[in-house]
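Have a look at the structure below, then the notes.
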Amino acid sequence: MSSMSRVLALDTATDACTLALCGEGDLRARHERLARAHNRHILGMLTDILAERSLASAVDVIACGVGPGSFTGLRVAVSVAQGLAWARDIPVHGFCSLSAQVYSAAALGLLLEGQWVLSTIDAQIGQLYGIWGQWREDHFHAEKPAFICPPESLTLPSELASVAVIGSGLAQADRFPEQLQQLSTGFADITPDAAVMAQRLSSGSLALVLQPAHALSPQYVQQTIGWKKLSEQRRHD
């Protein structure tokens, strides 16, 4: 695959429904805050950015945010990406939605060279999804894989001087460890931006790791959820 691939990027891990097509010197994008409505709008947004071109003639790679994030949202993006890729034999590339948020923040000029970054998404269950890393030489270098935990259980890197905390997990910032509250600058409105990811992947700034459609899967992080089937629940008379 050439370093100037035509990349269709999409992400629905947060309340943002974001799609972009970048290639051949052109960028077309849609980015809307559509909490719990991604499935009703994503295909119409795709039609807009294709601008009457067929998918097969306009796209070389479909890049999809695989989370972590909203359980339903992840299924929307992954199922759409797989359906499009399968039908037209287009390879896919999965990217971490938390890392995508860091690149969104960088595109807005919010990050400093060498700064620690905590990218977060509110998990809506008194916990947050997060990933730690550093912003160095125009790239995000993740320290460890994405995780889920209560805000007060966040483990801070050693020798921390300043931190940019981004994403919707900041809704629970009052529960962060005191040291993190003192050292951090928050940017709560940052979400994954497909335009940023499509540009970086198309230009080769971020490497494409191509897979067949069936290999794409959501990154839920939390593998066990305390839900029970009705038959497993105690009946209360």
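We did not get these values from a lab; they are worked out from the coordinates using the rules stated. All figures in this text were calculated on a predicted structure; none of them were measured in a lab. Neighbour counts run over all protein chains shown; Cβ positions are idealised from the backbone, glycine included.
For this structure, a couple of remarks:
- Neighbour counting of Cβ atoms within 10 Å sorts the residues HIS139, HIS93, HIS38, fewest neighbours leading, into HIS139, HIS93, HIS38.
- Simple spin-label estimate for SER162 and GLN179 gives 1.9 nm between the two label positions (7 Å along the Cα-to-Cβ direction from each Cα).
- Amide N proximity, region 190-205 versus ALA51 label position 7 Å along Cα-to-Cβ, cut-off under 17 Å: 195-196, 198-199
- Electrostatic dipole magnitude of the chain [Cβ: Lys, Arg +1; Asp, Glu -1; Cα centre; debye, to 20]: 820 debye
- Tensor-based shape of region 66-164 (alpha-carbon gyration tensor, a/c under 1.5 rounded, otherwise prolate or oblate): oblate
- ALA188-GLU152 FRET efficiency (beta carbon distance; Förster radius 30 Å; 0.05 resolution): 0.95
- Around PHE187: net Lys/Arg minus Asp/Glu count, Cβ-Cβ under 15 Å: -3
- Working value for the chain: equivalent-ellipsoid semi-axes of 30, 24, 14 Å, each the square root of 5 times a Cα gyration tensor eigenvalue, largest first.
- Each peptide among 209-215, 13-19, 146-152 gets the average number of other Cβ atoms lying within 10 Å of its residues, and from highest to lowest they stand as 13-19, 146-152, 209-215.
- Take 156-163, 75-82, 169-176 and order them by the average number of nearby Cβ atoms within 10 Å per residue, most first; the result is 75-82, 169-176, 156-163.
- Each label point was placed 7 Å from the Cα along the Cα-to-Cβ direction; for HIS139 and ASP89 their separation is 3.3 nm.
- Point-to-point label distance, LEU43-LEU27, nm (Cα→Cβ direction, 7 Å offset): 2.9 nm
- Mean residue ellipticity (222 nm) of the chain, computed from DSSP H runs ≥ 4 via -39,500 (n - 2.57), nearest 500: -8000 deg cm²/dmol
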